[in-house]
Protein chains: 2
Amino acid sequence: MRGSRPSAKERREAVLQALRKIGSDIYDQIVRREFPRIKMPSRSTSNILYDRDIKQYVLGGKHIIRSAKNIRHIRPFTQMVWVASFVEELVRSNKTSTLRDVFYSAQAYEMNFVDQAESDSIITDLESVSGLAREDFNVFPEERSAIFGDLTIEYTVPGYEGRRLNLTSHPDGVMIGPALTNSEFVECGADKLIVLEKGALFTRFVEEKVHERFKALIIQTAGQAPRSTRTLIRRLNEELGLPVLILTDGDPWGMHIAMVIISGSANAAHLRKLNTPNAIWGGVWATDIIDYKLPSDPLTDLDLKRLEELQRDPRYGEDPWRREIRTFFKIRRKAEQEAFSRYGLTYIVDEYLPEKLELMEGS
Amino acid sequence: MRGSRPSAKERREAVLQALRKIGSDIYDQIVRREFPRIKMPSRSTSNILYDRDIKQYVLGGKHIIRSAKNIRHIRPFTQMVWVASFVEELVRSNKTSTLRDVFYSAQAYEMNFVDQAESDSIITDLESVSGLAREDFNVFPEERSAIFGDLTIEYTVPGYEGRRLNLTSHPDGVMIGPALTNSEFVECGADKLIVLEKGALFTRFVEEKVHERFKALIIQTAGQAPRSTRTLIRRLNEELGLPVLILTDGDPWGMHIAMVIISGSANAAHLRKLNTPNAIWGGVWATDIIDYKLPSDPLTDLDLKRLEELQRDPRYGEDPWRREIRTFFKIRRKAEQEAFSRYGLTYIVDEYLPEKLELMEGS
């Protein structure tokens with residue numbers, strides 16, 4: 001496999017070290033009779049910048065200091081120290097958790113969060129202090145995405161270490177959860193990755209043997225791709241060198257699902273490696289609606305409002321995005337991926353997909 | 001394995017025969033120079049009755065005749081004949097489809113549906129004429145649910161016939177799609193089935209080895225269980241004799257997720273075998289919120305309105321339903337499954353689950 005990824009054990013050690021470093025720094029400050037403080041990059045809107053070269057949002061140079069000397073800082077300071085110690089325990093004991101679980105768990109420690117928004121924001125603070133994603137310290141999203149195709153993985157999670165699975169074993173697809181996200185890639189017979197927004201199309205692609213006919217791995221995101229799925233897509237692209245084609249519904253929401261996989265989100269401007277800059281959005285484009293004479297529905301007011309937002313977003317400044325937004329405004333219609341069924345159930349695989357795969361050449 | 005289920009081939013033949021019977025009846029009527037007509041049970045509200053014995057909605061004795069003689073009937077009559085011929089082709093060619101796909105596919109045949117609601121309703125007509133569920137004629141929902149545990153299945157779908165998979169192979173769970181739904185159960189090391197509303201809890205249960213410690217299969221429904229998941233739960237209960245415990249959030253929506261698994265929905269009153277009457281809803285109960293002193297949130301106006309609807313629903317006439325609705329009204333609070341994390345991440349498995357498993361004794 002391409003690239004030299006540290007082993008699961010090494011990665012775990014690095015996470016524990018980063019968390020312990022935060023704790024020992026605070027400890028040292030107290031011993032030196034200083035008010036403990038933590039320096040972190042500012043995540044205010046004015047410090048979130050779009051970097052055209054790496055095609056993603058990044059944080060600028062501004063930092064903030066959170067200090068126990070400032071009475072308004074004591075609460076978030078304490079909360080962050082608690083979150084760091086809680087996730088250190090998670091990683092040490094090889095358990096996973098969710099954002100929601102962290103919020104409730106706090107009560108066992110008499111930590112006080114007004115609501116989950118508050119605990120989520122402290123977890124994001126810890127991400128930007130440590131430079132680690134919350135998945136690194138075992139806080140996972142509720143999983144929904146699935147994968148299928150000729151990739152053999154080796155698990156690293158407790159009880160499964162060293163066990164292997166080929167991802168064609170179950171034709172309905174296997175879930176992308178902590179075990180898959182933390183696995184090593186052992187052997188891959190595919191030479192590309194196709195990412196689909198919808199489960200229905202996933203089933204169609206498996207039935208039509210896209211994995212064999214086009215040597216592809218297939219992922220369904222089930223709507224907006226969870227962060228761990230985006231990390232997996234990045235790893236498949238980076239470690240295995242697989243080019244990535246994304247197919248979504250032909251509307252502003254589908255466009256943005258593709259964009260977040262490619263460029264990440266402003267919310268995660270403090271993190272790298274969550275996005276896949278060289279992935280390609282293959283459609284359904286607004287121009288496809290015209291070219292393929294697809295059954296379509298009028299854009300709603302909400303759709304149009306969203307399109308206007310996207311038009312102002314710097315990530316949408318280039319083609320195909322710019323061109324497709326313009327075309328959506330012109331035709332004022334949208335189409336789903338299933339709309340290709342008007343030409344028969346297999347048309348999307350037999351005709352549309354090969355056309356779109358040509359976009360990947362040279363990418 | 002308990003019960004004598006017809007083989008995949010036999011089931012497929014039976015579906016094809018039922019569909020062809022509809023066609024040949026129509027053909028015979030035309031040959032006899034009669035206007036073709038189809039008789040089917042009425043699905044109007046007045047003909048949907050709650051059967052307390054089998055704990056589900058059923059259709060009463062009223063029938064309607066849809067006849068080509070009646071000009072208002074010609075459109076739905078033709079549509080139903082087309083749907084029957086379309087799904088006959090699906091089954092014959094071993095392909096699956098979705099409700100959405102059927103709607104779009106119609107356009108390839110110049111069949112005219114105003115919207116998907118119209119094609120969905122015709123598919124339901126065909127269900128009640130044929131007595132088959134749409135999954136029997138290969139129209140599946142988008143998959144979202146997943147399963148984990150010591151069950152070995154044997155696939156019957158094309159390309160996988162005879163291949164087997166043990167459902168502990170992937171610790172994130174495998175998706176419940178057409179391949180799993182159509183599989184045969186070969187060997188099962190579990191003696192119960194636990195159904196969870198949420199993915200987060202599913203991951204927790206797998207991590208805490210609920211499948212080994214409690215010899216359980218674990219299913220996550222990801223919200224309201226799709227019909228094919230409900231069919232699978234029924235099969236696990238019926239064919240393997242596994243008692244079923246359902247755990248949801250403690251609010252009217254969670255209650256109803258459990259109820260639909262147990263008693264089915266009024267929409268499917270024309271079908272049997274989609275529900276599991278002897279499954280047990282184990283919580284989160286309103287009384288659990290009190291007994292376990294769970295962190296809780298106030299019921300919203302929408303929650304209260306939904307509770308009032310449930311109180312009027314005949315399926316909610318007995319305990320624990322009646323008691324829990326009363327308690328919800330009294331405490332006017334709700335709690336999520338993750339709320340148990342306030343006692344530590346493993347409390348729900350170590351303490352709460354064993355308590356609830358006692359409900360299954362003698363069931």
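Just a few scattered comments:
- Number of the exception - A:Tyr347 against (1) free of Cβ contacts under 8 Å to residues at least 24 places away in the same chain; (2) out of contact with any helix residue (DSSP H, G or I) (no Cβ under 9 Å at 6 or more places or on another chain); (3) within 30 Å of A:Glu212 (Cα to Cα): (2)
- Options B:Arg12, B:Arg37, B:Arg43; residue that is among the charged types (D, E, K, R) and more than 29 Å from B:Asn237 (Cβ to Cβ): B:Arg37
- Residue within the range A:108-115 that is over 20 Å from A:Ala269 (Cα atoms) and in contact with a strand residue (DSSP E or B) (Cβ under 9 Å, 6 or more places away or on another chain) present: no
- Every pair of residues 6+ apart whose Cβ atoms lie under 6 Å, when the first sits in the range B:118-131 and is over 7 Å from B:Met80 (Cα atoms) while the second is small (Gly, Ala, Ser): B:Ser130/B:Ala18
- Filtered residue count, the range B:115-127, keeping only those that are of a type outside the set (Val, Ile, Thr) and crowded, with 19+ Cβ neighbours inside 10 Å: 4
- Candidate set: the range B:261-319, residues that are at positive phi and either under 21 Å from the mean Cα position of the chain (by Cα) or in contact (Cβ under 8 Å) with a residue 40 or more places away in the chain (or both); chosen: the one surrounded by the most Cβ atoms within 10 Å (Cβ to Cβ): B:Gly283
- Any chance A:Phe137 is aromatic (Phe, Trp, Tyr) and within 12 Å of another protein chain (Cβ to nearest Cβ): no
- Flag for B:Thr181 being within 11 Å of chain A (Cβ to nearest Cβ) and either over 26 Å from B:Gly283 (Cα atoms) or hydrophobic (A, V, I, L, M, F, W, C) (or both): yes
- Qualifying positions in the range B:7-39 - surrounded by 14 or more Cβ atoms within 10 Å (Cβ to Cβ), among the basic types (Lys, Arg) and without any contact (Cβ under 8 Å) to a residue 60 or more places away in the chain: B:Arg37
Quick grid of which residues meet (1) modelled with pLDDT of 90 or more; (2) in contact with a Pro (Cβ under 7 Å, 6 or more places away or on another chain); (3) assigned to a strand (DSSP E or B):
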{"position": "A:Arg33", "(1), (2), (3)": "yes, no, no"}
{"position": "A:Lys39", "(1), (2), (3)": "yes, no, yes"}
{"position": "A:Ala84", "(1), (2), (3)": "yes, no, no"}
{"position": "A:Lys95", "(1), (2), (3)": "no, no, no"}
{"position": "A:Met111", "(1), (2), (3)": "no, no, no"}
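- Residue satisfying condition, being within 11 Å of chain A (Cβ to nearest Cβ), modelled with pLDDT of 95 or more and surrounded by fewer than 19 Cβ atoms within 10 Å (Cβ to Cβ), within set B:Glu212, B:Glu142: B:Glu212
- Yes/no for A:Glu197 being surrounded by fewer than 21 Cβ atoms within 10 Å (Cβ to Cβ) and in contact (Cβ under 8 Å) with a residue 60 or more places away in the chain: no
- Within the range B:58-82, considering residues that are within 26 Å of the chain's Cα centre (by Cα) and assigned to a strand (DSSP E or B), the one surrounded by the fewest Cβ atoms within 10 Å (Cβ to Cβ): B:His63
- The residues of the range B:149-166 that are touching a residue at least 40 places away in the same chain (Cβ under 8 Å), surrounded by 21 or more Cβ atoms within 10 Å (Cβ to Cβ) and within 9 Å of another protein chain (Cβ to nearest Cβ) amount to a single one, B:Val157.
- Within the range B:326-363, considering residues that are touching a strand residue (DSSP E or B) at 6+ places or on another chain (Cβ under 6 Å) and hydrophobic (A, V, I, L, M, F, W, C), the one farthest from B:Trp285 (Cα to Cα): B:Met360
- Picking from residues in the range B:100-114 that are more than 9 Å from every other protein chain (Cβ to nearest Cβ) and either surrounded by 17 or more Cβ atoms within 10 Å (Cβ to Cβ) or closer than 15 Å to A:Glu338 by Cα (or both), the one that is nearest to the chain's Cα centre (by Cα) is B:Phe113.
Residues are listed down the side, and each one gets a yes or a no for (1) among the charged types (D, E, K, R); (2) closer than 26 Å to A:Lys334 by Cα:
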site: A:Leu236; (1), (2): no, no
site: A:Val244; (1), (2): no, yes
site: A:Leu247; (1), (2): no, yes
site: A:Lys273; (1), (2): yes, no
site: A:Thr287; (1), (2): no, yes
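- Output for the range A:191-203, where each listed residue is in contact with a helix residue (DSSP H, G or I) (Cβ under 7 Å, 6 or more places away or on another chain) and either of a type outside the set (Val, Ile, Thr) or within 14 Å of chain B (Cβ to nearest Cβ) (or both): A:Lys192, A:Leu193, A:Leu196, A:Glu197, A:Lys198, A:Ala200, A:Leu201, A:Thr203
- Elements of the type helices (runs of 4 or more DSSP H) sitting completely within the range A:269-363 and holding at least 1 residues that are farther than 24 Å from A:Asp51 by Cβ and among the aromatic types (Phe, Trp, Tyr): these cover A:321-331.
- Taking the range A:93-111 as the range and being without any contact (Cβ under 8 Å) to a residue 12 or more places away in the chain and more than 20 Å from B:Glu207 (Cα to Cα) as the test, the residues that pass are A:Gln107, A:Ala108, A:Glu110.
- Inter-residue pairs, beta-carbon under 6 Å, first not assigned by TED's automatic domain parsing to the domain that holds B:Ser265 and in the range B:42-55, second loosely packed, with under 13 Cβ neighbours inside 10 Å and assigned to a loop (DSSP other than H, G, I, E, B), 6+ apart: B:Ser42/B:Lys62; B:Asn47/B:Lys62
The values are calculated or read from the model by the stated rules, or taken from the named source; none is laboratory data. Here the structure is a predicted model, which means the values were calculated and not measured. Positions of Cβ are generated from backbone atoms using ideal geometry, with glycine treated the same way; all protein chains shown enter the neighbour counts.
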